[in-house]
Amino acid sequence: MGPDEFLLTSLYLYLSDRCNLRCRHCWVAPHAHEEGDEQAIDLAVLMRAIAAAKELGLGTVKLTGGEPFLRKDIVELMRFLHGEGLSIDIESNGTMIDRDMARIVKECEVRQVSVSLDSSQAAQHDKLRGIEGCHGKSLAALHYLRAEKISTQVIMSLYEENIPEIEALAALCDDLEVPSFKINPVMPTGRGEKVFQSRENVDIEELIKIDRWIEADLGSKYKTEIYFCMPIGLKSLSAVTGNSLYECHILNILGILADGTISLCGIGQTETDLNMGNIAMDDLMEIWRHHPLLKKLRKETPSQLNGICGRCIFKYRCLGSCRACAYAASGDLRSPFFMCDEAYKKNMFPASRIYN
Amino acid sequence: MKKEVIIIERLSDMPDGNIIINRLDRLKPNPEMVFRKEEEGAFLFDPHTGNLKYLNANGVNIYELCDGRKTVGEIIAFLMEFYPDMAVEKIAADTELFFETLASMQFVIKSEKNGSR
C-alpha cells in the first residue's frame, strides 16, 4: 500500500494532559490538574489540523485526555466537530459532566460518552481512582447523560481486586440503561507498570476464564452489551466470528496531545520517541503521508511482527493488539503484545492459531 | 444446448479474479494455505495475503470432501443424500457458492486430475 492508500479515519485528541483523578493504572500518567497551567494547543490550530485530517479520510474524533472536560473550550471544539459532520466519541471519568454539559453533548450529537467506573462500590472505586467522592460524580454523569438519551458506555479497568465487581457493574449498567459495558484489563504501561510490579494485575489464566464466563453466562443475563478486551487470538471461535470485538486500527489513527504534539496515540505522553511533530508547526498531511515512523509502522505491521504476534493467523486483523503497549514494554513496535506473549509462554495460546 | 455452452464457458477463470466452478471439477486443498480445526469449526488462512475464512462444522465437512478425486457433482449428490430434508436446488446452489468462494480465495484449487473435459 502506498501512503495515500492509508486513510486517517480517526483522530484521538488528548485534550488535556491534566486529570482531576489519580487512577493507579492510568496508561498515560497525566499530571494533577493543580500542577499549574498546561500547555494547551490553541483551538484555532487544532481546528486547522482537523480540517486537514478530513482531507485524509477523517470520520471520527475521540476526545480524551487526561480528563477532556478540563479543557476550557471543549464546548466550542465539540460544536466545531459537529458542524464539520464528524462523529464524536468522548472518554471521560464523568466527574465534570453535569446536567448543562449533558445537554451540550446532546446538542452536538456525540455518538458515545464512555465513563470510567471500576466498581459498584464507592469506596473501592474511589480507592482505585485516587480521589474520594469521584464514584458519586461519575454515577451522576451517567444519570444526566441518560436523561438526555445519549448513548453511554461504562469502562471498567480490571485489577485482581475488582474481579468480583464485574457482575455487579453489569447489573448497574443494566439498571442505568447503559448500552455498553467494556472491561479493560490493566496494562503494564504508564502507572500500570507499578500495578504489575505489585502483582495486582490479573494473570492470563484468569483473564481467559473471565472472558469465557462472560461469553457463556454473564453476557446473556443483561441487555447491556459486555465487551471484554482481549486479543482475538485468545478469544473463543464463536467470539471471533461475531461482531463484538474491540480492535485498534493503528494504521488508520493519529493522536494529538494536549500541546499539539502528533503521535501514534496517547502513548506519546510517556514514549516521546513516538512523537512526529506538532500541529502548530508541522503539516499534518505531510506527516501522515511521509513520516518515517509511520512508513516503518505500515511496513512492519503486521507482516514483521515478532514472537507470537508474528506467528498468529489473526495478525492481519488484530495488528498485534496494542502496539503502543508493546513499544512501551520493549522499545520495539514489532514486539509481541504482553497478553498473547504470556499465554504463549504458558502454553495457553491456542495451537490451532499459530503458523510457521 | 444453450445450457451446455454456458457450462463450457464456466470452465475458465473469470477475468475479475472470481473462479467459476462446475460440477465436473475436482477440487483439493491448496497446500500453501493453513487449515486449522477447532472444536466448533475451523479457519482457513492465507499466509501470503492474510485472508482468513471461518468455516462452521458443516463447512468443515464439505471442505474435507475436497480430496482431488471426487467431482463437485459427486459431492453435491453425496450432500443431497446426507440432507434428505433439504431442497436439492438449495444444496446445489449453496455448495457451488461455497466452493466458488473458497476457490476465489485460493483455499481450494482444481485438481490436475480434473476430469471435467
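The values are calculated or read from the model by the stated rules, or taken from the named source; none is laboratory data. Small disclaimer: the values here were computed from a predicted structure and weren't measured. Every residue, glycine among them, receives a Cβ derived from its backbone with ideal geometry; neighbour counts consider all protein chains shown.
Considering each residue of region A:150-170 in turn, at least one proves to be free of Cβ contacts under 8 Å to residues at least 24 places away in the same chain and in a loop (DSSP other than H, G, I, E, B). Tell me the residue from A:LEU257, A:LEU251, A:LEU274, A:LEU297 that is modelled with pLDDT of 95 or more, within 14 Å of another protein chain (Cβ to nearest Cβ) and within 21 Å of the chain's Cα centre (by Cα), please. Matching residue, one of A:LEU257, A:LEU251, A:LEU274, A:LEU297: A:LEU251.
Taking region A:191-304 and the helices (runs of 4 or more DSSP H) fully enclosed by it, the elements with 1 or more residues that are among the β-branched types (Val, Ile, Thr) are at A:192-197, A:204-213, A:237-241, A:284-290. Considering the conditions (1) in a helix (DSSP H, G or I); (2) surrounded by 15 or more Cβ atoms within 10 Å (Cβ to Cβ), B:GLU89 is excluded by exactly one of them, (2).
With respect to A:GLU67, determine if the residue is out of contact with any helix residue (DSSP H, G or I) (no Cβ under 9 Å at 6 or more places or on another chain), among the acidic types (Asp, Glu) and touching a residue at least 40 places away in the same chain (Cβ under 8 Å). Yes: the conditions hold for A:GLU67.
One residue alone among A:GLY310, A:GLY320 is in contact with a Ser or Thr (Cβ under 9 Å, 6 or more places away or on another chain), within 14 Å of chain B (Cβ to nearest Cβ) and not in a loop (DSSP other than H, G, I, E, B), and that residue is A:GLY310. I need the full set of residues from region B:56-84 which are within 14 Å of chain A (Cβ to nearest Cβ) and more than 22 Å from B:ASN22 (Cα to Cα), in order please. B:ASN56, B:ALA57, listed by residue number. Which of the residues belonging to region A:229-255 are under 21 Å from B:GLY41 (Cα atoms) and touching a Gly at 6+ places or on another chain (Cβ under 7 Å)? Result: A:LEU237, single match.
Residues that are of a type outside the set (Val, Ile, Thr), touching a residue at least 12 places away in the same chain (Cβ under 8 Å) and part of a strand (DSSP E or B) occur in region A:98-114; there is at least one. Restricting region B:50-86 to residues that are of a type in the set (Val, Ile, Thr) and part of a helix (DSSP H, G or I), the residue that is nearest to A:LEU319 (Cα to Cα) is B:VAL60.
Inspection of region A:342-352 identifies at least one residue that is of a type in the set (A, V, I, L, M), more than 18 Å from A:TYR12 (Cβ to Cβ) and touching a residue at least 40 places away in the same chain (Cβ under 8 Å).
Here's the yes/no breakdown for (1) under 21 Å from A:SER236 (Cβ atoms); (2) at the interface with chain A (Cβ under 10 Å from one of its Cβ atoms); (3) out of contact with any His (no Cβ under 6 Å at 6 or more places or on another chain); (4) of a type outside the set (Gly, Ala, Ser):
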| residue | (1), (2), (3), (4) |
| --- | --- |
| B:ASN30 | no, no, yes, yes |
| B:ALA42 | yes, yes, yes, no |
| B:TYR54 | yes, yes, yes, yes |
| B:MET86 | no, no, yes, yes |
